[in-house]
Amino acid sequence: LVIGETARYANFGINGYHRNTSPHLAKTSSLHSFHDVYTEANFTEGALPIMLTRATADNFEISRKEKSILEAFKECGFKTYWLSNQSFGNPFIGRITSESTGKYSTVKDYDSANNYDTYLLPNLDKVLSFNDRKQFIVIHSLGSHFRYNFRYPEEFRIFRPDFEGAFDYTAIKSSNKDKLINTYDNTMLFTDHFLSQIIEKLQKKSCISYMYYISDHGENLFDISESVLHGGRIPTKYDAHIPLFIWTSKEFNSIFPEKILAIQNNLHKSITSSVSFHSLLDLANISVADMNFQKSIASLSLKSDSNRVMLNSNMETIVIR
């Protein structure tokens, strides 16, 4: 599981964006992009519990009462690992990772320059080198978190002019929209590189594996009037619409052709980030009590949502279409 940060569905080239921001993913076989996925919270602290437990926006209390996805995998004999360059100060993450097999962090602070997601890859190499028969690995990336220009190295400054250095927040204004988008799109390029590196490492293991990538929430880039960044009281579709990619190994495809068929059948269904808990288990061929196959992307029973509910940063539930 790779948790993205502040990634918009619309700014990936693989999803039809006018810029080629995902050249590696576009060439990756057995990778599928879901087209109509909304987050159930437009801020990280609300989004993570909904991804990692059976909680939903309209039943958030479940995240405080029930076990998480890591514990579910652990009970099924998996070694569980949490790799992150953010999130260890989050009480929810601290709780659910407290009994994981291993935790690895490259944390600086959000405004630190050069805190790149690729710094997580040596820890991934280390975990993959362990002699574990079954592993469940969560990588919590910094993705496109503001300040965007701190998320990628010099060689990924493709779209210019982009912001440089620790610019003042007063620079975030509509007159700088093009510059802001250029900087943001460079983070998309780097995310594409980062994800392709993870897939390459899994391919080399020649094992039954998958990579499930989903962003916690989206971002506003002056698409609507003066709306920018995320976490506002009134979510927009740009806050809400997030990327969800699933890659499966050739060994997975051989063992679970029915799951691949379901994934292909479900690519255009209207769903939310709360499918993650159920999908991650189903993809691993794990069943739990009260398993809800109507919320699994790997099941032909996956149900489309006509009205989707989100939590805003005031913990109010908002219907968004």
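Every number in this text was worked out from the coordinates using simple rules, so none of it is lab data. Remember, it's a predicted structure, so these values are computed and weren't measured experimentally. Here the Cβ positions follow ideal geometry from the backbone for every residue, glycine too, while neighbour counts run over all protein chains shown.
Key figures
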read-out: Relative contact order %, segment 165-305, counting alpha carbon pairs below 8 Å whose residues are six or more apart; value: 19
read-out: Theoretical ellipticity at 222 nm over the chain - DSSP helices of four or more residues, -39500 (n - 2.57) apiece, nearest 500; value: -8000 deg cm²/dmol
read-out: Normalised convex hull volume, segment 223-292, alpha-carbon set, Å³ per residue; value: 132
read-out: Integer Hz, Karplus 6.51/-1.76/1.60 couplings in order for segment 173-190, x for Gly and Pro; value: 9, 4, 5, 9, 4, 4, 5, 5, 5, 4, 5, 4, 5, 5, 5, 5, 4, 6
read-out: Fully extended contour minus Cα-Cα distance, from Glu99 to Ser174, at 0.36 nm per residue; value: 22.4 nm
read-out: Candidate lysines for bridging to Lys250, where Cα separation is under 24 Å - those fewer than 8 sequence places away on the same chain excluded; value: Lys27, Lys79, Lys126, Lys134, Lys201, Lys204, Lys205, Lys259
read-out: Per residue Cα convex hull volume in Å³ - calculated over the chain; value: 126
read-out: Local electrostatic count, Phe60, Cβ distance below 13 Å [Lys/Arg +1, Asp/Glu -1]; value: -3
read-out: Cα-based convex hull volume of segment 1-71 per residue, rounded to whole Å³; value: 109
read-out: 13 Å beta-carbon shell around His230, net charge (K/R +1, D/E -1); value: -3
read-out: Inter-label distance for Glu154 and Ala113, nm, one decimal - labels placed 7 Å from Cα along Cα-to-Cβ; value: 1.1
read-out: Taking the chain and dividing mean pair separation by its residue count, relative contact order in percent (alpha carbons under 8 Å, at least six apart); value: 28
read-out: Length added when fully stretched, Thr317-Asn131, from 0.36 nm per residue minus Cα-Cα; value: 62.5 nm
read-out: Segment Glu61-Glu258, extension gain: residue separation times 0.36 nm, minus the distance between their alpha carbons; value: 67.5 nm
read-out: Bins of 10 Å from zero: percent of alpha-carbon pairs in segment 172-316; value: 10, 31, 32, 20, 7, 0
read-out: Simple spin-label estimate for Ser304 and Met291 in nanometres, 7 Å along Cα-Cβ; value: 2.6
read-out: Listed peptides 293-301, 135-143 by packing density, highest first (mean Cβ within 10 Å); value: 135-143, 293-301
